[in-house]
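Only the coordinates and a few stated rules stand behind these numbers; no lab work does. Just so we're clear, the structure is a prediction, and the values are computed from it rather than from any experiment. Don't worry about glycine lacking a Cβ; one is built from the backbone with ideal geometry, like all the others, and counts go over all protein chains shown.
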Amino acid sequence: MPTPRPLALAVSLAAVSIALAAHAKDAEQLSTLTVTAQAATKTETPFNETPQSISVIENEEWEARGAESVQRALNYTPGVYANQVGASSRYDYIVLRGFSDGSLSNTFLDGLKLMGDANSYSSLVIDPYFLESIEVVKGPASVLYGRASPGGLVALTSKSPEFERSGQVRLGVGNNAQRSAAFDLTGPLDDERRLAYRLTGLAESADTQFDHVEEERYAIAPQLTWDITDATSLTLHAYLQKDPEGGYHSGVPYEGAVESRNGRRIDNTFFDGEEDYDKFERTQRLFGYDLEHRFNDAWTGRQKLLYLNTDVTMNQVYGYGWTSDTELNRYYAGGEESMEAWTLDNQLEARLSSGPVDHTLLVGAHYQHRETDVKWSSGSFPPLDAFHPEYGADPSGDIVTTNDERHELSQTGVYLQDQMALDHWRLTLGGRYDRVSITNEQKLADREDTLDETYFSGRAGLLYLFDNGLAPYVSYNTAFTPTSFVDIDGDVLEPMEGKQVEAGLKYQPNGSQDQYSVSLFHIEQDNVATKEQPTDPYRSIGEIESQGVELEAHTQLTDSLRFKAGYSYTDITYAKSDVDSEEGSHAIYAPRHIASVWGSYAAQNGVLEGLGAGLGVRYHADIQADRANTEQVPDYTLVDAALSYDLGQLGMDGVSARLNVNNLLDKDYVASCNSLQFCYFGAERSVKASVSYDF
């Protein structure tokens, strides 16, 4: 079957959106779905009054698709590439509008940054079972959050205590020895309903598609909400997670993975390490509180605090280039790390009027601090036959300590945002001033490098809200991204800085749950930090430009039938580079075309009542395999499916069963490449069945 061309896909999706919008006008009116851009504005702002592109994914949606990580929950979100490292689920790699620089450090939990260190192995993940929703803010958001990628950010919202008693117990099994158990309990603790709790827990493990590699996780999240008065509320929360096994995280050469090597291909289950030496173990501890006080109908104060620490052990034997017709060179990389971080956000929100203009004013003071201690080691191992591997080798020589470092980062910022409403007009203006301090101590070299800078971030957006729900808008936003990356001389790289111009159109028909949006954007980023191979030092290549268009449609045709469709065209290039072969070429990890559609059906009556089904298709095209654009990753199309049944129809109230199959056709493919030496296999077919009891 011929591959659909990108233009045809875009036209088809646009036509579908128009047809569905027309249908929504004539269909039976459904209750209005209120979606707010909480992360984009830090205030309760409706979807079609926010002058920036956002996507919100609810818990029910990703659970229906069987997504078991945050990155997989975003598989059907336009402008997002969630296959950066293929089948690996060790980290949540999320590429936004083509930018991969923030793919490990641009995640926020309940409004506060998960302070992972991208210059280490100490990046955190939150299991999606503990989340209520995920909001993707596309484009710069530094005016509210400080350091962030110009591609956008991912904001996670935790499940929170409720004052109505409920609970869930869930068990799951699947191929590759998948097995899991989870529970979620909430309710009041006193008769006056001033205290409420939530306790959520999970245990899961699997063998993974790669030989000799396992995944294992245990997590628990206790929470307590106290309505101290009718105007004051305090929520205490903790999240504890232990990953004794972190799965696979390695790549293989382009020749052998995408192209054959001497007529042979490497199997997508290939493991290039050594079972006796490979290890990844991570422990995360998060503690915090949210305090809110309403002074009156106009003024509200909030304080959010999050403390986190994590310990990581990473030992890996990995292949790096061919040494013969069949054998790969192999090396060893090890890491022992400990990270500690604080983040505090103070907010004062006011809803005021000045004549005919209504204002939602937000004033904030924000502090972040992170310390990471790292010890890295390296060595070499005997080569391995990639087509007939035999394991049991020991190091070829001594494993030596190469780095003993301490990374420190502090950021203090103050920000102001005013959202103004005048009749149908919505104007958003914001500014932020930050001071950032970075210190890298290299103990083996007895050297300390520092960076101390100040930055101003701004945003301006204008939107017109028509009575029929149409809302055209334009906006301008800036971003800055300081890191602890150092160059070959050990100097801290200058922070990356970005700016974006965006124009778009949003539409939510009155009285319906349907939502449609289209956005066009242009982003520029300076002082871009990158490296050719994972083992290379970082360098600043100059400037990246990203431009494109995104379409997204959510529609509920009937009470039973829903569709979600999306398309994104992303043209991201190295506009300026210190390497001639890179300048003007397209960035890696950035499909130029991504299209997806997911449809779900839930029978409401008749003999099929209680039965649900879902089917989705994801298409990725034009992915560069290296920075010089000498090779491409072949386009690929993936199919996902789901079946569910409410056993309450058989007298088992509260019990439901679900079957999820991702990559239904078991397509063997390469998801992406970091270079021609490191390409990543995509996930094979995953089949999982689960049974839940809700009470």
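Hydrodynamic radius of the range 246-311 by the Kirkwood approach over all distinct alpha-carbon pairs: 17.4 Å. Here the spin labels are modelled as points 7 Å beyond Cα on the Cα-Cβ line, and at ASP580 and ASN262 they lie 3.5 nm apart. A crude spin-label estimate for the pair GLU545 and LYS279, with each label 7 Å from Cα along the Cβ direction, gives 5.0 nm. For the range 64-200, rounded, prolate or oblate, judged on the Cα gyration tensor with a ≥ b ≥ c (square roots of eigenvalues), a/c < 1.5 rounded, else prolate if a/b > b/c? Judged from the Cα gyration tensor, the range 64-200 comes out oblate (a/c at least 1.5, b/c at or above a/b). Here the alpha carbons of the chain define both size measures, Rg and Dmax, at 24.9, 78 Å. Using C-alpha pairs under 8 Å with a sequence gap of at least 6, the mean separation divided by the residue count of the chain gives a relative contact order of 13 percent. Simple spin-label estimate for HIS359 and LEU647 gives 5.8 nm between the two label positions (7 Å along the Cα-to-Cβ direction from each Cα). Listed by Cβ neighbour count within 10 Å, with the fewest neighbours leading, TYR455, TYR601 appear as TYR601, TYR455. Summing Lys and Arg as +1 and Asp and Glu as -1 over all other residues whose Cβ lies under 12 Å from the Cβ of ASP404 gives a net charge of -2. Between PHE163 and TYR307, what's the calculated FRET efficiency when r is the beta-carbon distance and R0 is 30 Å? Round to 0.05. Efficiency for this residue pair is about 0.65.
Subtracting the Cα-Cα distance of GLU524 and GLU44 from 0.36 nm times their residue separation leaves 169.9 nm of extension gain. Pop out the Kirkwood hydrodynamic radius of the range 305-379 from its pairwise C-alpha distances, inverse of mean 1/r, in Å to one decimal. 17.3 Å is the Kirkwood radius here. One decimal place: the segment PHE287-ILE220 gains 22.9 nm when fully extended, by the rule 0.36 nm per residue minus the C-alpha distance.
With a threshold of 29 Å on the Cα-Cα distance, the over-threshold entries among LYS279/LYS576; LYS506/LYS688; LYS138/LYS564; LYS42/LYS576; LYS113/LYS667 are LYS279/LYS576; LYS506/LYS688; LYS42/LYS576; LYS113/LYS667. Which order do VAL687, VAL136, VAL607 fall in if you start with the one that has the fewest other Cβ atoms within 10 Å? Ascending Cβ contact count within 10 Å gives the list VAL607, VAL687, VAL136.
When +1 charges are put on Lys and Arg Cβ atoms and -1 charges on Asp and Glu Cβ atoms, the dipole computed for the range 6-694 relative to its Cα centre reaches about 1680 debye. Could you work out how far the C-alpha centroid of the range 271-294 sits from that of the range 319-394, in angstrom? That distance is 11 Å.
Under 17 Å Cα to Cα from LYS499, which aspartates and glutamates show up? Leave out anything in the same chain fewer than 8 places away. Straight-line reach from LYS499, under 17 Å: ASP101, ASP434, GLU524, ASP526, GLU543, GLU545, ASP571. Positive-end ranking of PHE678, LEU109, ASN315 along the dipole of the chain, with charges on Cβ about the Cα centre, is headed by LEU109.
Kirkwood analysis of the Cα pair distances in the range 287-332 returns a hydrodynamic radius of 16.0 Å.
Applying a 10 Å radius around every beta-carbon, put 220-231, 406-417 in order of their mean neighbour count, most first.
Going by the mean number of other Cβ atoms within 10 Å, highest first, we get 406-417, 220-231.
Assuming charge only on the beta carbon of Lys and Arg (+1) and of Asp and Glu (-1), the dipole of the range 98-194 about its Cα centre is about 280 debye to the nearest 20. Multiplying the residue separation of GLU340 and LEU615 by 0.36 nm and subtracting their alpha-carbon distance yields 94.8 nm. Choose one of PHE210, GLY511, ALA602: the residue whose Cα lies farthest towards the positive end of the charge dipole of the range 6-694 (beta-carbon charges +1 Lys, Arg; -1 Asp, Glu; about the Cα centre). Working it through, the farthest residue towards the positive pole turns out to be GLY511.
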